[in-house]
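Shown next, in structure tokens, is the structure this report addresses.
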Amino acid sequence: MSDIILGIESSCDDTSAAVICDGVLLSNVIASQSVHEAYGGVVPELASRAHQQNIVPVVSEAIKRAGIDKKDLSAIAFTAGPGLIGSLLVGTSFAKGFSTALGIPMVEVNHLHGHVLAHFIKEDDTTEVPHFPYMCLLISGGNSQIIIVEDYNKMRILGQTIDDAAGEAFDKCAKVMGLPYPGGPYIDRLAAEGDASRFKFSKPHIPGLDYSFSGLKTSFLYTLRDALKSDADFIEKNKADLAASLQRTIIEILLDKLKKAVALHPEIKQLAIGGGVSANSGVREAVADFCRQRHLKAFIPKRTFTTDNAAMVAIAGYFKYKDGQFCDLDIAPFARVEV
Ligand code: KG4
């Protein structure tokens, strides 16, 4: 009999549901919330309300597109955290109700594990997946971590951000430039047209494999503030060069620690990236180049599986399901946690 898992993701501002059958993706539906654009960031209260409106239609659509009946489901995997608590409550409560109604088990998924395990989502039998152990650079709106993935459910953090995440650096600097939220994709597009060597921003000098992005954000802000004093159109005239220079600096910061981590772990032969910032063209290219130079096998995810999606929750849930790791109905979501 097949193992059919419904995945539910509601940790931030995307309501998503996906169906996976024996590890192969049948459907992945994502409803993004445009309501936050006007506020320059995610408004937690509005996110919870939008999840509440979206969750039933999104799950119904995922089941329909998968070509199955809800009675065929073997288990429900849902994101239990980390994330916005009001958003997580919607997905968690829905999973509890649905699993009780169908009489099937629930599997709680750590959102970060989902990003890391996204490489195991098979769209067909030709999908190439990493072998353990591999290294993963997890870069999203809330996290920047270098991880050794020892098994589906065993991960070791080598380094992580001590302040802002890489995605926050993109988004906060984009906001200073007056770009819409989330700014990461706008910076990516503008950077393609700009001169990446035009502006210099400060880079952190912290020991070990941890990251820091708050100094870069301040340096970016001060550069713009000073330039605007003599030229009110400075941002508009230089937006492509600013974006390209910012993107280059973020990539240099990311790669600097990644190179150190690889040098410290010669047993690692495969390098993966995951999380929303791994959609960035410059990041993808830089990691692929680095892997070519070091003869490492690179795993660069499809863009659909970089930002928040339920396919990654379903696949992470599938491996826990196969391992018999279920949760009880008294499970409560959590806002913060490490990998
Ligand atoms: O993984 P994700 O959807 O949410 C979290 O789990 O945090 O990541 C969202 C982040 C945002 O900061 C967004 O600006 C960034 O990913 N992002 C990008 C790109 N696409 C999404 N950053 C840079 N370039 C992109 N193309």
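Some values worked out for this structure:
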{"read-out": "Verdict on GLY86 being away from the ligand (no atom under 13 Å from the Cβ) and on the phi > 0 side of the Ramachandran plot", "value": "no"}
{"read-out": "Count of residues meeting criterion [charged (D, E, K, R) and at pLDDT 95 or above] in the range 307-339", "value": "5"}
{"read-out": "Residue check for MET177: within 14 Å of the ligand (Cβ to nearest atom) and in contact (Cβ under 8 Å) with a residue 12 or more places away in the chain", "value": "yes"}
{"read-out": "Candidates VAL42, VAL19 - the one that is touching a Leu at 6+ places or on another chain (Cβ under 8 Å) and either over 14 Å from SER74 (Cα atoms) or outside any strand (DSSP E or B) (or both)", "value": "VAL42"}
{"read-out": "Filtered residues of the range 27-57 (kept if under 19 Å from the mean Cα position of the chain (by Cα) and aliphatic (A, V, I, L, M))", "value": "VAL29, ILE30, ALA31, VAL42, VAL43, ALA47"}
{"read-out": "Members of the range 252-277 that are part of a loop (DSSP other than H, G, I, E, B), over 24 Å from LEU216 (Cα atoms) and not hydrophobic (A, V, I, L, M, F, W, C)", "value": "HIS265, PRO266, GLU267, LYS269"}
{"read-out": "One residue from TYR186, TYR181 being at pLDDT below 95 and not in a strand (DSSP E or B)", "value": "TYR181"}
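For (1) touching a Lys or Arg at 6+ places or on another chain (Cβ under 9 Å); (2) polar (S, T, N, Q); (3) touching a residue at least 24 places away in the same chain (Cβ under 8 Å), each residue gets a yes or a no:
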site	(1), (2), (3)
LYS70	no, no, yes
THR126	no, yes, no
CYS136	no, no, yes
ILE147	yes, no, yes
GLU150	yes, no, no
GLY167	no, no, yes
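The values are calculated or read from the model by the stated rules, or taken from the named source; none is laboratory data. Just so you know, these numbers come straight off a predicted model, no measurement behind them. Cβ sites come from the backbone with ideal geometry, for glycine too, and all protein chains shown count toward neighbours.
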